[in-house]
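J.: One structure coming up, written as structure tokens, with questions to follow.
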Amino acid sequence: MRSFAYVVPDSVAGAVDALAAAEPGTKVLAGGTTLYDLMKLGIEAPPAVIDIHRLAELTEISTGEDELSFGAGAKMAEVADHPVVRDYPALSESLWRAASQQLRNMATVGGNLLQRTRCGYFRGGAEFPCNKRNPGSGCAALEGLDRTHALLGTRDTCIATYPGDWAVALIAFDAELDVVGPQGERTLPLGELHVEPGDNPLLEHTLAADELILRIRVPATLAGRGSTYHKIRDRESYAFALASAATAVTLDAQGTVTDCRIGLGGVATRPWRATEAERSLIGEQLTMETARHAGEVAFADARPPRTGAFRVELGIRTVTDALLTAGKRAAR
Ligand code: SF4
């Protein structure tokens, strides 16, 4: 491992100052569960690391009538097990189904949003063509092992899957981020944080290099109670999704869908909101047929990987099941 400077600010303001004065490539360290991995693999080689994991200002959790707010430094396990968050099963389940208990005890809800793809060529070594690791070198996955790669939001520059779960639930609930940088604070809708691959797939998000995530805010909504997060993977724990769906519905007294949210994970280059599929259910009764139709709408534009074509049907069934589970919870 290369040597690097290690900076420990004693406040958020100090962290922002340190970041503003830092050399290009400096990284912020929160839980460390992703950054240290990437440094060991040689993918990240920051000249300095700014450690914010002891900043108590970043760990506050508040649950008011209008919104839930999670400090970016709160641990995944703590948020997953919060009694109010458990009333929003999609949020809680997306955290519980991520990683392992040890990692959830370390990893933060802010850092989790910025985890990087598990594409084997990206992580496998500098000898593989990979536009995300070495821009302009090509994409080994296009002709290689692509079973777990993305179906939605792909480009020939990169077909890597966004690996997270938490962001998939957050996008379904219209979450927003408060971020801070040298110019002060701003609010960033979660749906505008991640970007699809462009000419340079190294660009994965819209957070500036000198900005920190302060907190994640989720509007309180009735749909939260009728929600779930379904995650389908090769083994039942400590694995990334082959397909996942965060769904939430609200039903009126006649059982008609009045609100519907669908986030997709494990199938797209970014956390994916299936808005057309949501619209297809509004005003309908939630049945196996209408739920299945919504799943088909969600995957209508899917571009299946050569060795992972089964994941279109898997994704449709995941959405179908998740909608029916959400509907049962909404009807209680
Ligand atoms: Fe690299 Fe993306 Fe291609 Fe994977 S899919 S090899 S991350 S360019």
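The values are calculated or read from the model by the stated rules, or taken from the named source; none is laboratory data. As the structure is a prediction and not an experimental result, all values here were calculated from the model. Neighbour counts run over all protein chains shown; Cβ positions are idealised from the backbone, glycine included. The accessibility values were calculated without ligands, DNA or RNA, using every heavy atom of the protein model including side chains. Shrake-Rupley method; radii C 1.70, N 1.55, O 1.52, S 1.80 Å.
J.: At a Förster distance of 56 Å, what's the computed FRET efficiency of Lys40 paired with Gln254, Cβ-Cβ distance as r, to 0.05? All intermediate terms of the calculation are to be shown ahead of the outcome.
T.: On the way: r = 56 Å, r/R0 = 1.01.
Efficiency computed from Cβ-Cβ geometry: 0.50.
J.: Can you list the HN-Hα couplings for segment 290-302, worked out from phi with the Karplus curve (6.51, -1.76, 1.60; θ = phi - 60°), rounded to whole Hz and with x for Gly and Pro?
T.: So the Karplus estimates, Gly and Pro as x, are 6, 5, 4, 4, 4, x, 5, 5, 4, 10, 4, 9, 5 Hz.
J.: Considering only Ala160, Val109, Leu188, whose Cα is most displaced toward the positive end of the charge dipole of the chain, charges sitting on Cβ of Lys, Arg (+1) and Asp, Glu (-1)?
T.: Ala160
J.: Please determine, in degrees from 0 to 90 and to the nearest 10, the orientation of helix 310-330 with respect to the longest principal axis defined by the Cα atoms of the chain, where the helix direction is its Cα long axis.
T.: 70 degrees
J.: Kindly write out, for segment 192-201 in residue order, the coupling ³J(HN,Hα) from the Karplus curve 6.51 cos²θ - 1.76 cosθ + 1.60 (θ = phi - 60°), rounded to whole Hz, with x marking Gly and Pro.
T.: 10, 6, 8, 10, 6, x, x, 4, 10, x
J.: Could you give the size of the charge dipole of segment 13-171 about its Cα centre, using +1 on the Cβ of each K and R and -1 on the Cβ of each D and E, expressed in debye and rounded to the nearest 20? Spell out each step's value before the answer.
T.: Details: 14 positive and 19 negative charges, 138 e Å.
Dipole magnitude for segment 13-171 comes out near 660 debye.
J.: Enumerate the amide H contacts of His205 below 5 Å, restricted to partners 5 or more residues apart or on another chain; note that Pro and chain-start residues carry no placed amide H.
T.: Under 5 Å from the amide H of His205: Val195.
J.: Could you tell me what a quarter of the Cα convex hull surface of segment 140-287 works out to, in nm² with one decimal place?
T.: Numbers: hull surface 43.7 nm².
Hull-based average projected area comes out at 10.9 nm².
J.: May I ask you to compute the full-extension gain from Thr275 to Glu236, defined as 0.36 nm times their residue separation minus their alpha-carbon distance, rounded to one decimal in nm? Intermediate values should be presented prior to the final figure.
T.: Details: separation 39, 0.36 × 39 = 14.04 nm, distance 2.83 nm.
Full extension from Thr275 to Glu236 adds 11.2 nm.
J.: Still on this structure, I have one more. Between Met288 and Thr63, what is the label-to-label distance in nm when each label sits 7 Å out along the Cα-to-Cβ direction?
T.: It works out to 3.5 nm between the two label points.
J.: Per DSSP H run of at least 4 residues, take -39500 (n - 2.57); add these up for the chain, divide by its residues and hand me the 222 nm value, nearest 500 deg cm²/dmol. Let's see the in-between values first.
T.: Working: 10 runs with 86 residues, N = 332.
Calculated from helices alone, the mean residue ellipticity at 222 nm is -7000 deg cm²/dmol.
J.: Run through the DSSP bridge list for the chain and note the antiparallel percent, rounded to the nearest 5.
T.: Numbers: 40 of 47 bridges.
Taking every DSSP beta bridge with both residues in the chain, the antiparallel ones total about 85 percent.
J.: The chain: longest stretch without exposed GluC sites (Glu not before Pro) (DSSP loop, at most 11 other Cβ within 10 Å), sites themselves excluded? Write down the numbers at each step before the final one.
T.: Working: sites that count: Glu65, Glu127, Glu143, Glu236.
The segment 237-332 is the longest one with no such site.
J.: Name the shape class, rounded, prolate or oblate, that the alpha-carbon gyration tensor gives for the chain, where a ≥ b ≥ c are the square roots of its eigenvalues, rounded holds for a/c under 1.5, and otherwise prolate holds if a/b is larger than b/c and oblate otherwise. Please list the in-between numbers first.
T.: Numbers: a/c = 2.08, a/b = 1.27, b/c = 1.65.
Oblate shape, in that a/c is at least 1.5 and b/c is the bigger or equal ratio.
J.: Measuring from centroid to centroid over Cα atoms, what is the spacing of segment 30-72 and segment 260-332 in Å?
T.: 31 Å
J.: Which of rounded, prolate, oblate describes segment 107-222, given a ≥ b ≥ c as roots of the alpha-carbon gyration tensor eigenvalues and a/c under 1.5 marking rounded, otherwise prolate only if a/b is larger than b/c?
T.: Working: a/c = 2.47, a/b = 1.74, b/c = 1.42.
Cα axes put segment 107-222 in the prolate bin.
J.: Using a probe of 1.4 angstrom, how much of the accessible area of the chain is carbon and sulfur, in percent? The partial results should precede the final answer.
T.: Numbers: 7450 of 14640 Å².
Percent of accessible area from carbon and sulfur atoms in the chain: 51.
J.: Once amide H atoms are built 1.01 Å from N in the peptide plane, which residues 5 or more positions from Glu284, or in another chain, come under 5 Å H to H?
T.: Result for Glu284 returns Val257.
J.: Regarding segment 225-330, what whole-number volume in Å³ per residue does the convex hull of its Cα atoms give? Mind showing how you got there, number by number?
T.: Working: hull volume 9.9 nm³, N = 106.
Per residue, the Cα convex hull of segment 225-330 comes to 94 Å³.
J.: Provide the per-residue ³J(HN,Hα) series for segment 264-281, in order, calculated from phi with Karplus coefficients 6.51, -1.76, 1.60 and θ = phi - 60°, each as a whole number of Hz, with x at glycine and proline positions.
T.: 10, x, x, 10, 9, 6, 8, x, 10, 9, 8, 5, 5, 5, 4, 4, 5, 9
J.: Over the chain, calculate the relative contact order: mean separation of alpha carbon pairs under 8 Å at least 6 apart, over the residue count, as a percent.
T.: Values: 772 pairs, mean separation 55.6, N = 332.
For the chain, the relative contact order is 17 percent.
J.: Quick query: amide H of Leu214 versus all other amide H atoms, modeled in the peptide plane; which residues come in under 5 Å with a sequence gap of 5 or more or a different chain?
T.: Asp178, Val179, Val180
J.: Might you tell me the accessible area per residue for the chain, computed with a 1.4 Å probe and given in Å²? Intermediate values should be presented prior to the final figure.
T.: On the way: 14640 Å² over 332 residues.
On a per-residue basis, the chain sits at 44 Å².
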